[in-house]
1. Among DSSP beta bridges lying fully in the chain, give the percent that are antiparallel, nearest 5.
2. Determine which aspartates and glutamates satisfy two conditions relative to residue 308: a Cα distance under 17 Å, and not lying fewer than 8 residues away in the same chain.
3. If you find the alpha carbon centre of the range 265-338 and of the range 1-50, how far apart are they in angstrom?
4. Hey, for a label at residue 341 modelled as a point 7 Å past Cα toward Cβ, could you say which residues of the range 172-188 have their backbone N under 14 Å away?
5. Quick check for me: using +1 on Lys/Arg Cβ and -1 on Asp/Glu Cβ, what's the dipole size of the chain about its Cα centre, in debye to the nearest 20?
6. Place +1 on the Cβ of every Lys and Arg and -1 on the Cβ of every Asp and Glu in the chain, take the dipole about the Cα centre, and give the residue among 343, 41, 151 whose Cα lies farthest towards its positive end.
7. Picking from 245, 105, 169, whose Cα lies most toward the positive end of the charge dipole for the chain (charges on Cβ: Lys, Arg +1; Asp, Glu -1)?
8. Which of 120, 22, 134 sits farthest toward the positive end of the charge dipole of the chain, with +1 on the Cβ of Lys and Arg and -1 on the Cβ of Asp and Glu?
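The values are calculated or read from the model by the stated rules, or taken from the named source; none is laboratory data. The structure presented is a predicted model; accordingly, all values stated were derived computationally and were not measured. A quick note on method: Cβ atoms are made from the backbone with ideal geometry, for glycine too, and the neighbour counts reach across all protein chains shown. Calculation scope for accessible area: heavy atoms of the full protein, side chains included, ligands and nucleic acids excluded. Shrake-Rupley method; radii C 1.70, N 1.55, O 1.52, S 1.80 Å.
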Amino acid sequence: MRITFVQFGDYAEAVHRFAKGGAETYYAQRYSVEFVGDLATKVEDVTVICVDAEPCDERLPNGVRGVGLRLKSAGMPALIRQVAATDPTHLILCTPLRSLLAWALRRRIRTLPVFADSFAPRGLLDPLRHRRLAAALNRRAVEFVGNHNVNASLSLRSIGVRPEKIVPWDWPCHVHPNDLPEKAGPGDPNRLRLISVGLVTEAKGVGDCIAALQLLRARGVPAELTIAGTGADLEALKARSYALGVGNAVTFAGRVPHDRVVPLMREHDAVVVASRHEYPEGLPMTIYEAYCSRTPLITSDHPMFRGKVNDGESALVFDAGDAAALAGKVQELMASPHLYQTLSRNGEAAWERIQCPVKWGDLIARWLSDSPEDRAWLSAHALGSGKYLVPSQMRR
């Protein structure tokens, strides 16, 4: 068995970092790196091709072959040639690259798509692209399609993928809300601290957070904002914070080691997840982590959050892209100690509701096994099984 993974990220860099005692940079990174490394001890060959990493090709200390290329500059033909050179018997496609999927199906390479993406149309050509992707995923040769959590799986169904194929998956739990006590209110009423964790881009709503901060301070609210992460718009957003007169109230913390994320959220008074609708969320781990920190959560109304965050119960929800609405939710939260305590207390139940029984490694291991028992188990956990409570059945 020769297994090739195609994904974003930088697998080789993570292996080397862990070997030197370095920390995770995102949720479940060590788990996924070690899972793939363990596969390399059991099969003929495992290759991980990262499509946004520095060009490299090396045999890593854990036995996995790590390949990096820049898909945007190298192009799809170069990626296909690289995949072909690994001569895979099994392809695990962690990003929706239809051309690569079509190539693999033509060559009868057994393929498992395992996504963490939503598929709402965002451009004029998206409906056509989605129809073509769904047609490829519905081919008989594709037995199952994974996507991160239920809402992202429903978005696959919405573009035409058959629900009996779609398996919602999740990462294993490393922290739990009951690890920390509830919070009674802000740590310092004279210093309101907000935090955003994740990619620093406009589509993730970071600019909206900065604009909301400017509105809050103009209203006399002593708010500060921490932005943890890196991204394409980092420098432009730094400049904007100063242009709006709030640069001294914004801390750009850069990339934070993963084991610091929940404690850092705990130190703040509210966690903001402001993703705009155009950002292709699955279900961001920052929502899980906010619940674990017991710090109240304020989110946009992104479609992938529907049913996972309930306004006034487990979070406060504002219209995506509306900085004034976000500022209003912050003021609503801070004006009511009861609401603050309610959101902190309800974090545990909300966290429980968003868990999926299928973990990323389980999905891959059972698909690789391909035994009748494992195929039946995957079918029993597919979206079409009726096992999952979908947002229309949840209280909003």
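1. On the way: 5 of 49 bridges.
Percent antiparallel among DSSP bridges in the chain is about 10.
2. 117, 170, 281, 289, 319, 348, 352
3. 32
4. Only 182-186 pass the distance filter.
5. Details: 48 positive and 43 negative charges, 221 e Å.
Magnitude of the dipole: close to 1060 debye.
6. 151
7. Selected residue: 105.
8. Result: 134, furthest along the dipole toward the positive end.
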